[in-house]
Each structure stands twice: as C-alpha cells, then as structure tokens.
1. Within the stretch 1-58, take every residue that is under 14 Å from the mean Cα position of the chain (by Cα) and hydroxyl-bearing (S, T, Y) and give me the one that is nearest to L84 (Cα to Cα).
2. Kindly list, by first and then second residue, each pair from a residue in the stretch 86-100 that is without any contact (Cβ under 8 Å) to a residue 24 or more places away in the chain to a residue that is surrounded by 12 or more Cβ atoms within 10 Å (Cβ to Cβ), limited to pairs with Cβ atoms under 6 Å and residues at least 6 apart or on different chains.
3. Right, S61: surrounded by fewer than 17 Cβ atoms within 10 Å (Cβ to Cβ), at pLDDT 90 or above and among the polar types (S, T, N, Q) or not?
4. Testing I135 on (1) out of contact with any Asp or Glu (no Cβ under 6 Å at 6 or more places or on another chain); (2) surrounded by 19 or more Cβ atoms within 10 Å (Cβ to Cβ); (3) within 30 Å of P5 (Cβ to Cβ); (4) aliphatic (A, V, I, L, M), one condition comes back false. Which one is that?
5. So how many residues does the stretch 13-56 have that are buried (at least 19 other Cβ atoms within 10 Å of the Cβ), within 19 Å of T157 (Cβ to Cβ) and charged (D, E, K, R)?
6. Out of the residues in the stretch 127-165 that are outside any helix (DSSP H, G or I) and free of Cβ contacts under 8 Å to residues at least 60 places away in the same chain, state the one that is farthest from R63 (Cα to Cα).
7. Residues V26, V65: which one is over 20 Å from P142 (Cβ atoms) and of a type in the set (V, I, T)?
8. E162: in contact with a Leu (Cβ under 7 Å, 6 or more places away or on another chain), farther than 14 Å from A40 by Cα and buried (at least 17 other Cβ atoms within 10 Å of the Cβ), yes or no?
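The values are calculated or read from the model by the stated rules, or taken from the named source; none is laboratory data. None of these values were measured; they are calculated from a predicted model. All Cβ positions, glycine included, derive from the backbone under ideal geometry; neighbour counts span all protein chains shown.
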Amino acid sequence: MAERPLSPSAQRVQDVLESLGCRGRVVELADSTRTAAEAAAAVGCSVGEIAKSLIFKTKDSGRPVLVIASGSNRVNEKALGRRLETALGGERLVRADPDFVRRVTGFAIGGVPPVGHAESPVVAIDSDLFDYQRIWAAAGTPFAVFPLTPDELQRITGGTVETVT
C-alpha cells in the first residue's frame, strides 16, 4: 500500500530534514499534536519526550528566539533571558504573538518545527531533552511530527543547551 503524500508544510519540513542529513521521517497523524500532551498521546511517548518549539523575541530589535523545550517543562523567560544575555545583545526576552511566529517561522503555532524557519533564530535547547534517547518534534502542521535524538536536534539547529525552567 502506498503512503499518503505529506501536506505541503510537512513536506517542506521533510525536505529540510533530508538536506540536513537527519534520518527522522515526518509522519502525519489523525490525532492532533498541537500541544505536548496531545503529541505524546498520539505517538505513545511521555510528555517529556516532546520537543516543543516556542518562539520568543528580543524586546527592542524583534530578533526571533527559538526555545526547544521538553514538553513537561514551562519556560522561565526571565531566567532564560539572563542566561542568553550575550547571545541576545543584552536585550530582554519577551513572548511573541501568533502573527510574529507565522512571519518569522513560516508556520502556525502548534506546528512550528525546530528547523526550516523563514528567519534564522537564536536557538536554545532544553537540557532536560538530553535525558531521552529519542524525542519527537513538530513538523509543520498540528498533525505532523518526526523523531530524532537530542544530539541530532542540537546538530541541525546549532542551538545551545540551556536550563529553560
């Protein structure tokens, strides 16, 4: 039986993954993966194994900042902003609105992957993701995900490993 073709956004992520030498294959599911809990239920893993992509921005210049957090963690943006102070040029880290997320990533909230963004962000990866052998990340839609290792995630994003809580 032939596989169903991926949606355009999911295919775009798959193409980026292949260009980066990532072996994970994008899968589109019948169940939503919009939240970490939904994604974990859909793929049959713990919430902590979900690598959720959260977009923040610098307060003054509006530079995008991608925080890839374990699904079980809540990001402490003030503490993380202090840890990223040099990378952010001393600017404060603030939440981004959905329009900003769509503009700088090319994807809607709930499907933002860790790669393939319209603008290159500063990237911070939650150190807790390294507690797992395999993690799952969003792949362009609220129904698409792909598996990878934490080391692969760091390699393909160029992110720094940080405590995000």
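1. S53
2. P98/I109
3. yes
4. (1)
5. Final tally of qualifying residues: 2.
6. Ranking the qualifying residues of the stretch 127-165, first place goes to Q133.
7. Matching residue, one of V26, V65: V65.
8. yes
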